[in-house]
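The values are calculated or read from the model by the stated rules, or taken from the named source; none is laboratory data. Predicted, not measured: the structure shown is a model, and the values here were computed from it. Every residue, glycine among them, receives a Cβ derived from its backbone with ideal geometry; neighbour counts consider all protein chains shown.
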Amino acid sequence: MTVETTARPVLMKGNEAMAEAAIQAGCDAYFGYPITPQAELLEWMARRMPELGRAFVQAESELGAINMALGAAATGARVLVSSSSPGISLMAEAMSYMAGSELPMVLINVMRGGPGLGSIAPSQSDYFQATKGHGHGDYRVPVLAPSSIAEAVDLVAEAFAMAERYRTPVMILADGVMGQAMEPVVPIYRMPPREPAGWELTGADGRPPRILRSLHLQPEDLEAHNQKLQAKYAVISEREVRWAGERLEDAEIVVVAYGTAARVARTAIERAREAGLRAGIFRPITLWPFPSRDLAALAPRLRAIVVVELSAGQMVEDVRLAVEGRTPVFFHGRTGGMVPTPAEVVAVMERARDATSAAASDTAVLR
Amino acid sequence: MTTLAPDTRRLIYERPELLTDRSSHYCPGCGHGIIHRLVAELLTEMHLGPTTIGVASVGCSVFAYDYLDIDFVESPHGRAPAVATGVRRVRPDAFVFTYQGDGDLAAIGTAEIVHAAARGERISVIFVNNGIYGMTGGQMAPTTLLGQRTTSSPAGREANLAGYPIPITEMLALLPGVSYAARGSIADPSAIGRTKKMLRRAFDIQLAGGGMSIVEILSTCPVGWGMTAPEAMEHVSKEVVLTYPLGVMVDRMKDSPTSKDKDEA
């Protein structure tokens, strides 16, 4: 259900747009802790949630914030938490508990440079953390990566819908550019319908008590619980894969990039085409589940794939797993808050083309 | 023809409605059974079952949800006051309590309990202090007495190596967000009766709209302490109370009435 549209574009900062999108999606409670570069999200919620009579708490730490979210989610509330990289590390514990207890929540990670305190500049160096597990245990969390502020607005609503549909935390993986940039958006807000949950804690009034837990001391019980979780993840992998392609029809070299890196790549492929190189872009929107099958289907007709990230090379591993050596994979990444330029990406595409020409194909350096 | 004498029997002891009818996993002489019973009695007497959401913490007592017949959410270690905060903020009409041990509340969860108290969260905290990590095999806790031998203080707790026992309830009582703070014990029947009154007061204060109410309960771990059950009870009433004196530390809602015990009603 679309609850609000404005005909005229408005200038919105990414953090604030995502916050308002959550409010319009029916978010009942927000819990946060200040950290750059997502502080505006907390500030927006601090102003808006109380005026709407909804829950807002600035917690004592990221541990506090996400455990408040755990408690609120256990009652069936629609809950948002946001942070940035170091804070997400602290939240990893409760992510594991919430996955194990099957509690829905949306978590926005506006990534900054690491490791450690790193920097406050944009980065994509938490791809491993987001997609391969934050905390302990065999669990997965859907990860959605917006590449524009308008898309971030849409994905916030989608994340709430997905979280409730599958009883799981869902992560929006943005970066400092997505959080801090302002761009004109025609905000199309959506409020996912509320389905009766049937598991939420309301007090055992006229029904048997409900227990929400991740503890299953008997190995047989825990294995059965894990099998149930894995079956759920298989359904998500089957149904929820999202990606977007541009100029793929005749492409010989395709850039695989998400989020801010995809913005750079879009400029780069246009420049490459002006220089006579048939370039396209494959942009994963769900990082987990990763669009492996669609990328594998595309790969055999490409001369090369170039992966661009704001990291030392993380998503590139999933790309290599997807194409299984059928297509040469090149990588270009910048770290620490540095953003690759279109010229750098074009140069790597040209190198990929040259290295995969008939004469050079046997000795191509793949990285 | 036989004449039946009038039936003058009176039921004076029964399983409270909200205590489940199942065998306990707790060790012989452990205090959790008594404390679970007190909580179940009060929830039953105060008709709180239909509105209660309990927050279970990590340690032996995580299985409180198996014995109390109410809605329960399990919290990560130490985070129960934050989890309870989340429940409270979206369920203003619920009765919300945490059930935490001393390792959980006074070590790994100090930030969460202190800040929930500072915010004056309208929750009740049942803090069971047996001075040891029971579930993991009897290691030293921040509440362990000086000189006490545990598996991680084999020579006895020494202040110069491991610091001093932490009187966290006294610390919390300083905060204006804490409406009620008290310490009871389960070492003998009269102490159990006084502890039940403290818990009732704590629950009443939540229902009256007060801030955090916390009752620390000195309990036993005969296995972890290397004592028999009677020795452990005697140890609490003779030794532990010297470090952790019993009584009400603060009641900031003195004008608010306390509900009647069922025997007084």
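Are any residues in the stretch B:157-177 among the small types (Gly, Ala, Ser), surrounded by 15 or more Cβ atoms within 10 Å (Cβ to Cβ) and in a loop (DSSP other than H, G, I, E, B), and if so, which ones?
B:GLY177
Quick one: count up the residues across the stretch B:86-103 that are crowded, with 24+ Cβ neighbours inside 10 Å and acidic (Asp, Glu).
Summing the residues that are crowded, with 24+ Cβ neighbours inside 10 Å and acidic (Asp, Glu) in the stretch B:86-103 gives 1.
Looking at B:ILE53, B:ILE113 in this structure, which one is within 22 Å of A:ALA94 (Cα to Cα) and facing another protein chain (nearest Cβ under 8 Å)?
Answer to the check: B:ILE53.
It is to be established whether one or more residues within the stretch B:178-191 are at pLDDT 95 or above, in contact with a strand residue (DSSP E or B) (Cβ under 8 Å, 6 or more places away or on another chain), closer than 30 Å to B:PHE95 by Cα and surrounded by fewer than 21 Cβ atoms within 10 Å (Cβ to Cβ).
Applying the first criterion (at pLDDT 95 or above) to the stretch B:178-191 yields B:178-191.
Still in the running and in contact with a strand residue (DSSP E or B) (Cβ under 8 Å, 6 or more places away or on another chain): B:178-187, B:191.
Retained after the next criterion (residues that are closer than 30 Å to B:PHE95 by Cα): B:178-187, B:191.
Next, from what is left, pick out any that are surrounded by fewer than 21 Cβ atoms within 10 Å (Cβ to Cβ): B:191.
Checked the stretch B:178-191: at least one residue is at pLDDT 95 or above, in contact with a strand residue (DSSP E or B) (Cβ under 8 Å, 6 or more places away or on another chain), closer than 30 Å to B:PHE95 by Cα and surrounded by fewer than 21 Cβ atoms within 10 Å (Cβ to Cβ).
Would you please list the contacts, defined by Cβ atoms under 6 Å and residues six or more apart or on different chains, that run from a residue in the stretch B:64-88 that is within 24 Å of A:PHE56 (Cβ to Cβ) to a residue that is part of a helix (DSSP H, G or I) and among the aromatic types (Phe, Trp, Tyr)?
B:PRO76/A:TYR97
Look at the stretch B:17-59 and say how many of its residues are under 25 Å from A:THR75 (Cβ atoms), surrounded by fewer than 19 Cβ atoms within 10 Å (Cβ to Cβ) and out of contact with any Gly (no Cβ under 8 Å at 6 or more places or on another chain).
Matching residues across the stretch B:17-59 total 4.
I'm checking my understanding of the structure. Among residues of the stretch B:53-101 that are over 18 Å from B:HIS32 (Cβ atoms) and among the β-branched types (Val, Ile, Thr), which one is farthest from the chain's Cα centre (by Cα)?
Looking at the filtered set, the residue picked out is B:VAL90.
Output the number of the condition that B:PHE63 fails; it satisfies all remaining conditions of (1) modelled with pLDDT under 95; (2) more than 9 Å from chain A (Cβ to nearest Cβ); (3) surrounded by fewer than 24 Cβ atoms within 10 Å (Cβ to Cβ).
For B:PHE63, the exception is condition (2).
Here are the criteria: (1) at the interface with another protein chain (Cβ under 10 Å from one of its Cβ atoms); (2) outside any helix (DSSP H, G or I); (3) surrounded by 24 or more Cβ atoms within 10 Å (Cβ to Cβ). Tell me which single one B:HIS77 does not satisfy.
Just one mismatch for B:HIS77, condition (3).
Considering (1) crowded, with 22+ Cβ neighbours inside 10 Å; (2) at the interface with chain A (Cβ under 8 Å from one of its Cβ atoms), say which one B:ALA106 fails and leave the rest.
Of (1) crowded, with 22+ Cβ neighbours inside 10 Å; (2) at the interface with chain A (Cβ under 8 Å from one of its Cβ atoms), only one is false for B:ALA106: (2).
In this structure, does A:GLU93 turn out to be at pLDDT 95 or above, of a type in the set (Asp, Glu), over 22 Å from the mean Cα position of the chain (by Cα) and over 24 Å from A:MET182 (Cβ atoms)?
For A:GLU93, the condition - at pLDDT 95 or above, of a type in the set (Asp, Glu), over 22 Å from the mean Cα position of the chain (by Cα) and over 24 Å from A:MET182 (Cβ atoms) - is not met.
In the stretch A:212-239, what count of residues is obtained for those that are within 14 Å of another protein chain (Cβ to nearest Cβ), over 10 Å from A:GLY100 (Cβ atoms) and not aliphatic (A, V, I, L, M)?
2
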